[in-house]
1. So ARG60 ticks every box in (1) touching a Gly at 6+ places or on another chain (Cβ under 6 Å); (2) buried (at least 19 other Cβ atoms within 10 Å of the Cβ); (3) at pLDDT 95 or above; (4) over 25 Å from ASN181 (Cα atoms) but one. Which box is left unticked?
2. Here's a check for you: in the stretch 155-181, which residue that is of a type outside the set (Gly, Ala, Ser), assigned to a loop (DSSP other than H, G, I, E, B) and within 19 Å of TRP97 (Cα to Cα) is modelled with the lowest pLDDT?
3. Could you please tell me which pairs satisfy a Cβ distance under 6 Å, a separation of 6+ or placement on different chains, a first residue in the stretch 241-263 that is surrounded by fewer than 18 Cβ atoms within 10 Å (Cβ to Cβ), and a second residue that is among the small types (Gly, Ala, Ser) and modelled with pLDDT under 95?
4. Given the criteria surrounded by fewer than 21 Cβ atoms within 10 Å (Cβ to Cβ), over 15 Å from ARG241 (Cβ atoms) and under 17 Å from the mean Cα position of the chain (by Cα), does ASN165 qualify?
5. Determine whether LEU184 is at pLDDT 95 or above, surrounded by 15 or more Cβ atoms within 10 Å (Cβ to Cβ) and part of a helix (DSSP H, G or I).
6. Got a number for residues in the stretch 200-215 being crowded, with 17+ Cβ neighbours inside 10 Å and not in a helix (DSSP H, G or I)?
7. Does any residue of the stretch 66-74 turn out to be under 25 Å from GLY175 (Cβ atoms) and touching a residue at least 40 places away in the same chain (Cβ under 8 Å)?
8. Just for the stretch 25-42: of the residues that are charged (D, E, K, R) and either touching a Pro at 6+ places or on another chain (Cβ under 7 Å) or closer than 18 Å to GLY93 by Cα (or both), which one is surrounded by the most Cβ atoms within 10 Å (Cβ to Cβ)?
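The values are calculated or read from the model by the stated rules, or taken from the named source; none is laboratory data. Here the structure is a predicted model, which is why all the values come from computation and not from measurement. Cβ placement follows ideal geometry from the backbone for every residue including glycine, while neighbour counts extend to all protein chains displayed.
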Amino acid sequence: MGIVNVTPDSFSDGGRHGNTEGAIAHARTLIKAGADLLDIGGESTRPGAAPVSASEELDRVIPVIEALCPKSSVPVSIDTMKPEVAQAAIRAGAHIWNDVSALRASPNSLAMAAALGVPVVLMHMQGEPGTMQKQPHYEDVVSEVISFLKARAETAIKAGVRKENIIVDPGIGFGKRLDDNLALMRDLPRIINETGHPLLFGASRKRFIEMLNPDTATDDRLGGSLASALWAAQAGASIMRVHDVFETVQALKTWQAIEQDEV
């Protein structure tokens with residue numbers, strides 16, 4: 001899953017592809033690099049990020065989706081917490097709703113997810129983007145994240161979302177300390193097994209890599225991003241959400257060739 005941030009303030013590439021033309025060009029570059037999915041977002045969810053209005057978010061993402069979907073066979077995911085943005089994006093041609101709030105941000109989210117009938121990603125986040133990194137705390141992070149994801153999946157199913165349309169995401173970096181992130185990554189097989197749903201994994205360029213390698217800028221976290229993606233693939237993750245598509249595809253192909261003893 002290649003990341004397309006149509007925002008001025010995302011933690012890694014904010015502003016680089018913040019206009020429609022730049023975002024479309026970047027998305028096409030990611031497709032050529034080997035992306036199987038594109039995740040398009042118009043509101044930053046980095047730590048401390050300020051929310052944007054639905055109208056502004058729509059203005060950012062809908063032109064990009066409308067330009068890409070008719071001309072590409074690569075499915076598009078809309079990264080949003082707002083049900084009205086998800087609805088407009090699906091109508092414009094998007095195929096998946098990726099919601100970092102796990103359908104909690106609006107009282108209309110559950111009903112909208114059921115009505116849209118598309119796959120939906122439910123992610124764990126302690127707090128909200130603006131406050132999530134202010135002293136997050138867990139007694140047992142893996143058990144708590146599993147319980148949360150199972151509960152949100154059950155709630156979504158009761159609301160009418162089909163079980164086969166649910167994807168879970170442990171939310172690496174979203175209200176997590178370094179040790180929390182590492183514990184979740186270490187126990188990905190348990191998370192997949194106990195939730196019973198496909199898992200989306202997103203650790204690309206995140207700050208925990210800098211914590212392990214101090215004074216590392218976001219653009220210099222490729223090594224940690226690739227190591228994390230390979231670890232997650234080996235653990236059974238179904239989708240890797242990444243910035244560096246070409247390098248990740250190459251790493252995964254090489255690992256798979258070694259493991260399978262075939263080319």
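1. Going through the list (1) touching a Gly at 6+ places or on another chain (Cβ under 6 Å); (2) buried (at least 19 other Cβ atoms within 10 Å of the Cβ); (3) at pLDDT 95 or above; (4) over 25 Å from ASN181 (Cα atoms), ARG60 breaks only (3).
2. First, pick out the residues of the stretch 155-181 that are of a type outside the set (Gly, Ala, Ser): 155, 157-158, 161-170, 172, 174, 176-181.
Filter again for assigned to a loop (DSSP other than H, G, I, E, B), leaving 161-162, 170, 172, 174, 176-177.
Then drop every residue that is not within 19 Å of TRP97 (Cα to Cα), which leaves 161-162, 170, 172, 174.
Working: VAL161: 98, ARG162: 98, PRO170: 98, ILE172: 96, PHE174: 92.
Checking each candidate, the answer is PHE174.
3. Here the result reads VAL263/ALA257, each pair linking the stretch 241-263 to a residue that is among the small types (Gly, Ala, Ser) and modelled with pLDDT under 95.
4. yes
5. Working: at pLDDT 95 or above: yes; surrounded by 15 or more Cβ atoms within 10 Å (Cβ to Cβ): yes; part of a helix (DSSP H, G or I): yes.
Spelling it out, LEU184 is indeed at pLDDT 95 or above, surrounded by 15 or more Cβ atoms within 10 Å (Cβ to Cβ) and part of a helix (DSSP H, G or I).
6. Number satisfying all stated conditions: 7.
7. no
8. Restricting to residues being charged (D, E, K, R) and either touching a Pro at 6+ places or on another chain (Cβ under 7 Å) or closer than 18 Å to GLY93 by Cα (or both), the top hit is ASP39.
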